[in-house]
1. Do you know which residues across the range B:191-226 are touching a residue at least 60 places away in the same chain (Cβ under 8 Å), crowded, with 23+ Cβ neighbours inside 10 Å, farther than 15 Å from B:Ser264 by Cα and among the hydrophobic types (A, V, I, L, M, F, W, C)?
2. Looking at B:Cys127, B:Cys123, which one is touching a Gly at 6+ places or on another chain (Cβ under 9 Å) and surrounded by fewer than 19 Cβ atoms within 10 Å (Cβ to Cβ)?
3. Which of the residues belonging to the range B:61-114 are over 20 Å from B:Ala259 (Cβ atoms), basic (Lys, Arg) and touching a strand residue (DSSP E or B) at 6+ places or on another chain (Cβ under 8 Å)?
4. Name every residue in the range B:95-152 that is more than 14 Å from chain A (Cβ to nearest Cβ) and polar (S, T, N, Q), in order of residue number.
5. Tally time: how many residues in the range B:62-93 are within 21 Å of B:Leu115 (Cα to Cα), part of a loop (DSSP other than H, G, I, E, B) and either out of contact with any Gly (no Cβ under 7 Å at 6 or more places or on another chain) or among the charged types (D, E, K, R) (or both)?
Amino acid sequence: STIVLLFEAPKDFSFSLQPGQRIRVGEGLGSL
Amino acid sequence: VSTGRSILPSRWPLPLLLVSGGGYLGYQKYKWREQQQDGATPVLATPTQVALYRSFPTRLLSRAWGRLNGVELPNWLRKPVYSLYIWTFGVNMQEAAVEDLHQYRNLGEFFRRRLKPAVRPLCANSCLISPADGKILHFGQVKNSEVEQVKGVTYSLENFLGPQKRRSNDSTSSFRDLLLSSPDNDLFHVVVYLAPGDYHCFHSPADWKVELRRHFPGSLLSVNPGVARLVKELFCLNERVALTGQWQHGFFSLTAVGATNVGSIRVYFDQELQTNVPRYNKGSFHDHSYVTIDGQSLKADGEGGVVLQKGAAVGEFNLG
């Protein structure tokens, strides 16, 4: 199963992720 | 010697098939890694191959799998069955709210296990948190109304979310622009893949308000990263539930995409939602608004929509 998030944000929104990384509920995905 | 000779040829094909099949898969994986390193476009399955895959009765199989896993196991069988699952998929039972395996009546119930309250702290510094345990398959900006499910393999945003209302004076905007509330903003996406051993409930990734649920009955193909690299538009083919609404920066959506063994999706605040049931046809979609025509919320929260706080439990995936 998969969860897809699609969202609007200011252009300077930046992700703090790496493709393939393991993640858990509550961990930050990105910020402004 | 005579008996041995007569037996040998009949026993050759299986190991031969295993060795040659394994070798072929190994070669394909090696070739794929080489292509990834070279930055080459991934090799996709042909439309015929996808059609062949889609022709498998995955929904029927999924429902049969769900029925099987809903059967109550005798007490003596529970520990060996769940232990095998834990060992196969690397489940961390120390995090489970109920660690005693005998308490789960069947594999379906075990799959829906909850976690201990303190094991998933919420990041206070980020306005957006992970809605699920899993693996980040892909993330980034949405360009030209096309979203990448994995690097180089895209799907249409419009096919994924379904049609949106156009403003009366606007007939030329792209689908992406229709979703944006401000030209200073952009559209972003994140894909989280949940493996069989992961905790399968999903939570609210932000403070937001859900206005619409759109249920797309569909196929139940595997969403394994390997398949996502091969099948274009995979997330548009599979059964899914898209929750859309607004957050502090404008449009926001969370979509739960089903798969063969995890075919049904439950949303806790929506008792009407039923997924992976035979009465719906593939390719259709069914809307349920959480906002009445006059803008009042059906949940009577007075704000028009279902208000979710960051980290709140939203729903779960189920076997079959």
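The values are calculated or read from the model by the stated rules, or taken from the named source; none is laboratory data. Here the structure is a predicted model, which is why all the values come from computation and not from measurement. So basically every Cβ, Gly included, is an ideal-geometry build from the backbone, and we count neighbours across all protein chains shown.
1. Those that are touching a residue at least 60 places away in the same chain (Cβ under 8 Å), crowded, with 23+ Cβ neighbours inside 10 Å, farther than 15 Å from B:Ser264 by Cα and among the hydrophobic types (A, V, I, L, M, F, W, C): B:Val192, B:Trp208, B:Val210.
2. Unique residue meeting the criteria: B:Cys123.
3. Residue satisfying the conditions is B:Arg114 alone.
4. Residues satisfying the conditions are B:Gln103, B:Asn106, B:Asn144.
5. Result for the range B:62-93: 1.
Let's see how each residue does on (1) under 19 Å from the mean Cα position of the chain (by Cα); (2) more than 8 Å from chain A (Cβ to nearest Cβ); (3) modelled with pLDDT of 95 or more:
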{"position": "B:Asn185", "(1), (2), (3)": "no, no, no"}
{"position": "B:Pro196", "(1), (2), (3)": "yes, yes, no"}
{"position": "B:Arg214", "(1), (2), (3)": "yes, yes, yes"}
{"position": "B:Glu233", "(1), (2), (3)": "yes, yes, no"}
{"position": "B:Leu243", "(1), (2), (3)": "yes, yes, yes"}
{"position": "B:Thr260", "(1), (2), (3)": "yes, yes, no"}
{"position": "B:Ser264", "(1), (2), (3)": "yes, yes, no"}
{"position": "B:Val277", "(1), (2), (3)": "yes, yes, no"}
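Rundown of residues vs (1) at pLDDT 95 or above; (2) over 18 Å from A:Ser1 (Cα atoms); (3) not β-branched (Val, Ile, Thr), yes/no style:
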| site | (1), (2), (3) |
| --- | --- |
| B:Glu109 | no, no, yes |
| B:Lys116 | no, yes, yes |
| B:Leu122 | no, yes, yes |
| B:Ser130 | yes, no, yes |
| B:His138 | no, no, yes |
| B:Val142 | no, yes, no |
| B:Gly152 | no, yes, yes |
| B:Tyr155 | no, no, yes |
